[in-house]
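Heads up, the thing below is written out as structure tokens.
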Amino acid sequence: MAFDVLDRNISELFKNDDTFSIPRYQRNYVWKELNWSQLMKDIRYCAEVTPDWSHFIGSMVFERKQKNGGIVDIIDGQQRIITLQIVIFAMIYCYRGIKKKTSDLDIVRKCDLNIAYLQDFIVNRTLGKSESIKVENGYQEYTELNQCFMELNEEELQKYDNLIEQNKKDKSIILEAFKFFTRDFAVLDFEGLLLLTNQFLKTRVVTISSMQEEEVYNIFEILNARGIKLKQIELLKNYLFKYLQPKSQLDTYKNKWADLEQLLEGIDLDVYYLHFFRCWYYEYKIKKERLFEVTKEQLRKENAISLRSFFDFFIDCGQYYRDIFDAKGNLTEVEVYEYFKLKGNIQVRSVFLALKIKNVQRILTDTLYEKLLILIRNFYVIFNLDHGTSNNIDNDVYIMSNEIYRAGDEHKIQYEIYKFLKKYSTYFTKDNVLDNGFKNIIYSNKSARKNASSKLLVYLLKPLFLEEEKNKFSKYNFADFNIEHILNDDAKGDNRYCLGNLLLCPNQINDAMKNKPYTEKREYLLASGIPYLTVFAEKYENFDEESIEERTKEIVGKLKSLYLISMEDVEKQYLKLQGYFELKKQLIIAFGKESDYVNELTIRGIDKFIQYIYKNGALPGHDKKEIEKYIKMQVESMVLLTDNT
């Protein structure tokens with residue numbers, strides 16, 4: 001390997017002819033107060049406890065354009081280098097502050113010497129007639145800071161005096177960092193600042209440099225793969241930008257990536273990467289730490305998707321994932337996603353991502369897409385009511401996600417979902433699983449037995465609320481709704497926490513009825529003008545313990561009809577789809593993959609294809625006879641399998 005490894009201190013890192021440059025595709029500056037604080041704590045520890053020992057800040061990887069001096073691209077280490085430079089800016093600022101406040105001419109002289117000495121670390125005087133900044137990174141506020149402390153123009157410095165005095169948080173992370181270090185150092189007198197400066201400049205770093213681009217990126221990947229320092233998403237980003245062609249597209253894709261990061265703000269990008277990966281590729285029991293390694297292997301295969309296509313696809317899927325995370329989309333998507341958001345279940349996101357991709361590709365019709373979303377939601381409602389453990393089904397959820405993503409037609413997608421449901425049918429074929437699950441819901445603010453949140457109950461009861469609404473133009477914001485105990489919440493009342501004693505109503509009404517007797521609550525309900533509440537109040541002039549039992553049965557019955565999964569239907573659909581694939585296999589053998597018969601079966605599905613064959617008198621007699629034989633085999637097989645089950 002053609003590279004140089006040097007153990008250097010901060011002085012040696014910056015006092016030379018190098019101008020550091022951060023490539024356009026590198027991530028933005030993301031260090032926060034926690035990182036800044038930890039850096040200074042480590043350096044102070046050295047200064048105060050073991051002054052002969054230097055703090056070590058790790059390794060940095062550089063790509064050089066020439067052996068000595070000139071432009072040096074920072075491949076790994078940009079967060080630390082920018083931070084070190086900002087520390088130097090803050091030290092210069094604080095020496096200036098000490099100088100302005102003291103009347104001691106010796107301290108004034110020493111401050112001037114230290115300022116001049118530190119300025120050598122933020123300026124490059126060898127790149128032509130004019131001085132240039134030491135680290136080029138594309139941040140305008142950074143460039144202005146650097147320029148200001150190179151020139152020490154008092155008029156410009158006044159701007160930063162005002163900045164430091166303000167308590168308001170600045171939008172610029174660069175200026176926030178400068179304010180942090182400046183305020184941190186401002187409490188020091190000259191001797192204290194001098195001690196910290198000397199210890200800071202002794203801080204050590206190992207630099208690894210090469211003039212060969214390929215070598216530099218290999219070093220970067222090896223260091224991070226072994227040190228587990230960067231997230232998988234950062235390794236992927238580095239790889240994509242490294243090999244992206246043509247290079248003229250780098251700026252375009254830098255902007256796309258920045259848009260993706262902004263779009264997914266608040267989401268762990270490694271979690272998004274994991275769920276994207278679970279659609280895109282299957283590897284048994286893959287660990288999160290291997291996502292990038294396996295992705296790279298797949299992208300390097302001979303018939304792999306092009307890097308640009310993968311890049312675009314990865315970015316496009318970000319919008320679908322944001323909607324899943326936020327529970328946004330069409331009415332069905334919102335209804336389904338909201339349940340998993342409330343439950344905090346992220347396992348299923350890869351399935352939803354795969355289904356959305358197929359819907360966007362028009363492989364899944366809107367009607368079938370929404371039907372499958374509801375089916376998966378219903379499975380998880382039952383699964384959760386039965387206290388199922390996600391780990392037990394995780395690998396099959398992963399397989400289902402990948403198979404859906406790879407499917408070329410809607411029949412394959414349905415088959416994978418029904419296969420999954422058939423495998424885990426024990427969850428929804430147990431005796432009274434829905435009855436017991438809903439009856440065992442406990443909602444009480446006065447009992448430790450509470451097992452359901454108010455938001456989850458709002459979600460479950462919302463369809464029953466809307467069932468009573470006759471005006472299709474009525475709009476309700478269920479975020480402003482809550483759960484009211486009809487008979488007041490009482491830890492001693494065994495059935496007051498049951499569904500039958502719970503009523504969904506707007507916060508305003510809920511607050512007004514708080515702890516009132518039912519007779520008074522009923523007046524609020526009758527006056528609400530909301531059909532769900534008025535129908536209830538009209539039905540129950542009086543409400544007691546027997547009413548709770550009666551109403552619990554009624555609500556459980558309605559909820560069962562909403563979330564029930566029929567084993568008979570699952571078995572029927574599974575067998576039908578099995579028959580479809582076997583028939584398709586026989587047709588391909590007999591007539592070829594591109595034959596009209598195969599295409600008709602794919603488009604029509606098995607039921608309509610059978611009608612097409614038997615009712616189409618224009619088909620060649622030999623073909624028709626041959627196909628009827630295959631159809632008969634599949635129908636008999638399906639009947640036999642059904643009888644045996």
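The values are calculated or read from the model by the stated rules, or taken from the named source; none is laboratory data. Because the structure is a prediction, the values reported are computed rather than measured. Don't worry about glycine lacking a Cβ; one is built from the backbone with ideal geometry, like all the others, and counts go over all protein chains shown. Keep in mind that these areas ignore ligands, DNA and RNA; they rest on the heavy atoms of the full protein, side chains included. Shrake-Rupley method; radii C 1.70, N 1.55, O 1.52, S 1.80 Å.
Brief remarks follow.
- Failed item in (1) open to solvent by less than 40 Å² (accessible area, probe 1.4 Å); (2) over 35 Å from the mean Cα position of the chain (by Cα); (3) touching a residue at least 40 places away in the same chain (Cβ under 8 Å), with Y563 passing the rest: (2)
- Filter result (touching a helix residue (DSSP H, G or I) at 6+ places or on another chain (Cβ under 7 Å), among the polar types (S, T, N, Q) and over 30 Å from F609 (Cα atoms)) within segment 548-593: T552
- For segment 598-618, the condition of being outside any loop (DSSP other than H, G, I, E, B), open to solvent by 80 Å² or more (accessible area, probe 1.4 Å), over 30 Å from L434 (Cβ atoms) and in contact (Cβ under 8 Å) with a residue 12 or more places away in the chain holds for at least one residue.
- Residue count, segment 450-492 (criterion: surrounded by 18 or more Cβ atoms within 10 Å (Cβ to Cβ) and among the basic types (K, R)): 0
- Candidate set: segment 343-367, residues that are in contact (Cβ under 8 Å) with a residue 60 or more places away in the chain and open to solvent by 60 Å² or more (accessible area, probe 1.4 Å); chosen: the one farthest from V271 (Cα to Cα): K343
- Members of segment 447-481 that are out of contact with any helix residue (DSSP H, G or I) (no Cβ under 8 Å at 6 or more places or on another chain) and aromatic (F, W, Y): F473
- Residue in segment 93-110 that is surrounded by the most Cβ atoms within 10 Å (Cβ to Cβ), counting only those that are without any contact (Cβ under 8 Å) to a residue 60 or more places away in the chain and not in a helix (DSSP H, G or I): D104
- Failed item in (1) over 19 Å from E403 (Cβ atoms); (2) free of Cβ contacts under 8 Å to residues at least 60 places away in the same chain; (3) charged (D, E, K, R), with E283 passing the rest: (1)
Each row is one residue, and each column tells you yes or no for (1) part of a strand (DSSP E or B); (2) modelled with pLDDT of 95 or more; (3) over 29 Å from the mean Cα position of the chain (by Cα).
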residue	(1), (2), (3)
W31	no, no, no
C46	no, no, yes
T50	no, no, yes
M91	no, yes, yes
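- Subset of segment 135-178 (residues that are part of a loop (DSSP other than H, G, I, E, B) and in contact (Cβ under 8 Å) with a residue 12 or more places away in the chain): N137, G138, Y139, L152, S172
- When the criteria are applied in full, E626 meets the requirement of being at pLDDT below 90 and farther than 30 Å from L499 by Cα.
- If you filter segment 58-78 down to residues that are touching a Phe, Trp or Tyr at 6+ places or on another chain (Cβ under 9 Å) and not acidic (D, E), you find that the one that is surrounded by the fewest Cβ atoms within 10 Å (Cβ to Cβ) is I71.
- Residue count, segment 517-535 (criterion: under 18 Å from S474 (Cα atoms) and touching a residue at least 24 places away in the same chain (Cβ under 8 Å)): 5
- Members of segment 493-508 that are open to solvent by 40 Å² or more (accessible area, probe 1.4 Å) and within 33 Å of the chain's Cα centre (by Cα): N507
- Boolean, V72 is among the aliphatic types (A, V, I, L, M) and modelled with pLDDT under 95: yes
- Only one of the numbered conditions (1) out of contact with any helix residue (DSSP H, G or I) (no Cβ under 7 Å at 6 or more places or on another chain); (2) of a type in the set (A, V, I, L, M); (3) open to solvent by 30 Å² or more (accessible area, probe 1.4 Å); (4) assigned to a helix (DSSP H, G or I) is violated by I81, and that is (3).
- Selection count, segment 297-321, where residues are open to solvent by less than 40 Å² (accessible area, probe 1.4 Å) and more than 20 Å from I404 (Cβ to Cβ): 5
- In the set (1) touching a His at 6+ places or on another chain (Cβ under 9 Å); (2) open to solvent by less than 40 Å² (accessible area, probe 1.4 Å), V336 fails one condition alone, (1).
- Residue within segment 536-554 that is part of a helix (DSSP H, G or I), open to solvent by less than 40 Å² (accessible area, probe 1.4 Å) and without any contact (Cβ under 8 Å) to a residue 40 or more places away in the chain present: yes
- Looking only at segment 124-141, and only at residues there that are buried (at least 19 other Cβ atoms within 10 Å of the Cβ) and touching an Asp or Glu at 6+ places or on another chain (Cβ under 9 Å), the one that is modelled with the highest pLDDT: K134
- Taken together, the residues in segment 398-409 that are buried (at least 18 other Cβ atoms within 10 Å of the Cβ) and either modelled with pLDDT under 95 or farther than 20 Å from S566 by Cβ (or both) amount to 7.
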